[in-house]
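Have a look at the structure below before the remarks.
The values are calculated or read from the model by the stated rules, or taken from the named source; none is laboratory data. Just so you know, these numbers come straight off a predicted model, no measurement behind them. All Cβ positions, even for glycine, are placed from backbone atoms using ideal geometry, and neighbour counts span all protein chains on display. Calculation scope for accessible area: heavy atoms of the full protein, side chains included, ligands and nucleic acids excluded. Shrake-Rupley method; radii C 1.70, N 1.55, O 1.52, S 1.80 Å.
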Amino acid sequence: MTSGISMNAGSGSSDGTPSQCRALGCRVDPGTDLVSVFFAEHQAADLLRDVARSGKLAVVFSDPPTHRTVQVKGSDARRVPLAEGDLARVAAYRTAFLQCLLPLGFTEPMVRTFLDCPDSSLVALAFTPEAAFNQTPGAQAGSPLVLGV
């Protein structure tokens, strides 16, 4: 989950309108199972609003070369301050995601622009995973995964 894979997160408004934003990396806290996901605040405004209201968050982790995809859901998501080392995690994620996409024909300026965000605009949402699903395209898409295995 913390390598250079694609990360997108979603929630929903009270009327069911979805909100979505690309994530810029994540941190998994050892021993607590707490997952913190990083976003550009200006891009995640709707998502942050919906998570503040509902606590619900779904994050999709996808490996672009293989399309292997996992969705993780939680219902206790909340905005948390960045922790020590998070800026370095986001920088490492950008580099790892770039290295993942370059062989697929994406250019470095394209990917860096895609992931551009001032450090001062980074925010984090933390949640406890409650459910996970295989979302790899194919017959098994949507199948529940067993957490903690």
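Things to note:
- Extension gain from L82 to S54, taking 0.36 nm per residue of separation minus the Cα-Cα distance: 8.0 nm
- For segment 67-138, the solvent-accessible area of protein heavy atoms averages 55 Å² per residue (probe radius 1.4 Å; ligands and nucleic acids excluded).
- The spread of Cα positions in the chain, taken along each principal axis and listed from longest to shortest, comes to 40, 37, 35 Å.
- Under conditions of 4 °C and 1.567 mPa s, segment 61-138 yields 88 µm² s⁻¹ as its translational diffusion coefficient, taking Rh as the Kirkwood radius over Cα pairs in the Stokes-Einstein equation.
- Taking the protein heavy atoms of the chain in the context of the full set of protein chains, the accessible area attributed to carbon and sulfur is 56 percent at 1.4 Å.
- q = 0.12, 0.26 Å⁻¹: log10 I(q)/I(0) that the Debye formula gives for segment 1-79, counting C-alpha atoms only: -0.32, -1.31
- Euclidean distance between Cα centres, segment 75-149 to segment 32-48, Å: 10
- The chain: relative contact order in percent, alpha carbon pairs under 8 Å with at least 6 residues between: 28
- Charge tally around A126: other residues with Cβ under 9 Å, Lys/Arg +1 each, Asp/Glu -1 each, net +1.
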